[in-house]
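A quick write-up on the structure given underneath.
The values are calculated or read from the model by the stated rules, or taken from the named source; none is laboratory data. In this text, all values refer to a predicted model and were calculated from it rather than measured experimentally. Here Cβ is always computed from backbone atoms with ideal geometry, including for glycine, and neighbour counts include all displayed protein chains. Note: areas computed on protein heavy atoms with side chains; ligands, DNA, RNA excluded. Shrake-Rupley method; radii C 1.70, N 1.55, O 1.52, S 1.80 Å.
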Amino acid sequence: IKFRFMKYKVNPYNLLIPIWEQNEFLLYNTFNGGIEILDLDSGLFLSEVTTLDNFTLPDYNTHEPLIDELYEKEYLIDSSINFIAEAERRYLNEITNKAQKNIFLTIGTTILCNMGCPYCFEFVKPNNTLKDERIIKQVGKYIESIILKNPQNPWENLNVTWYGGEPLMNVKAIKLLSPILKKICLKFNLKYNASIITNGIYLTPENVKLLLENDVFDAQVTLDGSRETHNRNRPLKAKNQKNYEKILENLSILPKEMGVNLRVNIDRNVANSLNELLDDLQEYEIWPHRYKNFQFSPAWLRTYDGEEISEEEKESRLIVDEFFEIYQNFRLKQITAFNKWAKDKNIKNAKLGWDLPSYQTDCPTWASPYGIVVDPNGLIHKCWETIHDEKQACSNVFDEYEPESFKEYTSYNRYQINPVCRNCKFLPVCDQVSCSHHAVNHKVPQCTYWKSKSEDFIKNQYVRMIEYPETINTPANVAAVNTGHSNK
């Protein structure tokens with residue numbers, strides 16, 4: 001009764017997807033991640049009111065229970081509300097709330113690298129390595145000053161990423177700085193979370209032991225396809241040394257305490273070698289054998305500003321829609337390979353998880369006042385991609401912590417990039433603006449693949465669930481993610 005004469009309108013972030021084969025519609029909301037199955041009559045009703053500026057309950061009396069439910073779940077909203085502005089307000093609140101609980105610290109132990117990957121954004125690699133114990137101690141003091149200057153914050157986590165170059169070329173820095181950071185966490189009751197991004201060559205038993213002793217339990221390791229493709233895309237600078245095989249050897253003997261995210265930067269050549277990569281991982285008894293410790297992270301290999309690449313390399317690069325198709329096919333390859341292996345081991349078959357456009361968080365290193373990248377000289381950056389360029393540093397660990405010095409970065413707002421992006425229903429799930437550094441350098445960033453692929457792909461997953469329920473799980477909402485990080 002209360003809402004009887006209220007004017008309703010459709011949430012601008014709705015996707016209404018007809019499933020004519022089933023006489024149904026799927027309703028998905030890119031802002032809140034909700035998904036519903038509607039019968040034909042309900043779907044046609046929603047399709048009709050989507051064309052209206054507003055409507056009232058008496059106009060559609062027979063749909064009152066449906067309207068109540070859709071309003072409660074925000075698929076329908078009060079027509080007086082500018083929901084894009086409301087979405088922006090909630091987005092900014094979420095950033096603030098998350099920032100107040102977390103410190104994000106990325107430490108470049110060295111800019112040097114044993115690989116010469118042609119696609120790396122670190123085009124110039126100065127001979128900088130974190131050796132000065134005065135800088136190492138000052139990093140700890142700087143983190144402590146962040147905490148002390150914000151005693152009202154409900155601090156929860158210190159999130160540390162060991163980075164480079166190749167960070168394991170300087171394990172001494174990890175050994176010296178880790179106890180300092182852990183002591184700060186103990187003092188202020190923060191949880192210490194540490195991970196490393198490494199090419200895997202130096203992920204030897206000795207170094208893994210050191211990492212585990214210093215509470216580094218997660219590693220990102222890149223394998224760009226099978227042997228020939230990987231070695232071409234990620235060549236070692238030293239000649240006549242094992243590359244691809246060395247990484248596989250190291251991964252095959254990792255202790256179970258270490259979790260690994262296998263990054264695969266995909267171009268055409270890498271895409272053509274994915275079957276062989278899966279075969280090699282199985283031969284080395286890495287995956288599926290140790291599926292609980294290893295996960296895949298296929299990534300679109302994009303071209304960086306200022307990157308000089310050959311015509312052959314240009315030909316190998318994919319447009320984002322092509323990457324989407326390859327990525328989805330790779331998911332099917334994984335399930336097929338896993339289930340073939342599982343059958344022989346008497347292990348339960350795996351099912352595909354639903355892949356839905358997920359709400360994207362912005363890169364906290366850039367957007368949070370408590371996110372910093374420290375280079376080997378103690379200079380502070382606000383992006384991983386500038387760590388090799390001292391000119392782009394915005395502060396120093398020897399300076400007093402001052403949030404104002406980061407204001408240029410922390411004022412980033414995906415809703416204010418340009419009017420086109422602001423009014424796009426895919427903005428909440430757009431991974432192309434999650435990398436703030438990339439987004440601010442492109443007034444109109446490339447659109448996410450979900451903009452052109454989501455309706456068909458969501459429909460295909462639903463039809464698969466109906467026709468082959470043994471191959472795919474029911475959909476579930478997933479946590480917000482950031483997929484805008486670097487090709488490392």
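Consider the stretch 85-107 and keep the residues that are among the aliphatic types (A, V, I, L, M) and open to solvent by 30 Å² or more (accessible area, probe 1.4 Å). The one that is modelled with the highest pLDDT is Ala85.
The number of residues in the stretch 436-454 that are touching a residue at least 60 places away in the same chain (Cβ under 8 Å), open to solvent by 80 Å² or more (accessible area, probe 1.4 Å) and over 18 Å from the mean Cα position of the chain (by Cα) comes to 1. Among the residues of the stretch 467-487, is there at least one that is modelled with pLDDT of 90 or more, among the hydrophobic types (A, V, I, L, M, F, W, C) and assigned to a helix (DSSP H, G or I)? No, every residue in the stretch 467-487 fails to be modelled with pLDDT of 90 or more, among the hydrophobic types (A, V, I, L, M, F, W, C) and assigned to a helix (DSSP H, G or I). Selection of the stretch 406-452 for residues being charged (D, E, K, R) and under 25 Å from Leu301 (Cβ atoms) yields Arg414, Asp431, Lys443, Lys451.
Looking only at residues of the stretch 132-191 that are assigned to a loop (DSSP other than H, G, I, E, B) and small (Gly, Ala, Ser), we find that the one that is nearest to Thr109 (Cα to Cα) is Gly164. Contact annotation: residue pairs with Cβ atoms under 8 Å, 6 or more positions apart or on different chains, pairing a residue in the stretch 243-264 that is without any contact (Cβ under 8 Å) to a residue 40 or more places away in the chain with a partner that is open to solvent by 30 Å² or more (accessible area, probe 1.4 Å) and polar (S, T, N, Q), are Tyr244/Asn231; Lys256/Asn293. Consider Asn189 carefully, then state whether it is modelled with pLDDT under 95 and surrounded by fewer than 17 Cβ atoms within 10 Å (Cβ to Cβ). Against the criterion (modelled with pLDDT under 95 and surrounded by fewer than 17 Cβ atoms within 10 Å (Cβ to Cβ)), Asn189 does not qualify. Quick check on the stretch 159-182. Is at least one of its residues in contact with a Cys (Cβ under 8 Å, 6 or more places away or on another chain), open to solvent by 40 Å² or more (accessible area, probe 1.4 Å) and at negative phi? Looking for residues that are in contact with a Cys (Cβ under 8 Å, 6 or more places away or on another chain), open to solvent by 40 Å² or more (accessible area, probe 1.4 Å) and at negative phi, one finds at least one in the stretch 159-182, hence yes.
Of the residues making up the stretch 273-288, just one is assigned to a loop (DSSP other than H, G, I, E, B) and loosely packed, with under 15 Cβ neighbours inside 10 Å, namely Glu285.
Residues checked against (1) in contact with a strand residue (DSSP E or B) (Cβ under 6 Å, 6 or more places away or on another chain); (2) of a type in the set (S, T, N, Q):
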{"residue": "Leu38", "(1), (2)": "yes, no"}
{"residue": "Val49", "(1), (2)": "yes, no"}
{"residue": "Pro58", "(1), (2)": "no, no"}
{"residue": "Thr62", "(1), (2)": "no, yes"}
{"residue": "Ile67", "(1), (2)": "no, no"}
{"residue": "Glu72", "(1), (2)": "no, no"}
{"residue": "Asn82", "(1), (2)": "no, yes"}
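Only one of the numbered conditions (1) open to solvent by 10 Å² or more (accessible area, probe 1.4 Å); (2) among the polar types (S, T, N, Q); (3) more than 21 Å from Gln138 (Cα to Cα); (4) in a helix (DSSP H, G or I) is not met by Gln220, and that is (4). The helices (runs of 4 or more DSSP H) found wholly in the stretch 345-426 and carrying at least 3 residues that are touching a helix residue (DSSP H, G or I) at 6+ places or on another chain (Cβ under 7 Å), open to solvent by less than 60 Å² (accessible area, probe 1.4 Å) and touching a residue at least 12 places away in the same chain (Cβ under 8 Å) occupy 364-367. Inside the stretch 383-433, residues that are in contact with an Asp or Glu (Cβ under 6 Å, 6 or more places away or on another chain) and modelled with pLDDT of 95 or more make up a count of 1.
Annotation: of all residues in the stretch 304-328 being charged (D, E, K, R) and at pLDDT below 80, the one that is nearest to Ser436 (Cα to Cα) is Asp305. Say whether the condition of being polar (S, T, N, Q), modelled with pLDDT under 95 and open to solvent by 30 Å² or more (accessible area, probe 1.4 Å) is met by at least one residue in the stretch 32-45. There is at least one residue in the stretch 32-45 that is polar (S, T, N, Q), modelled with pLDDT under 95 and open to solvent by 30 Å² or more (accessible area, probe 1.4 Å).
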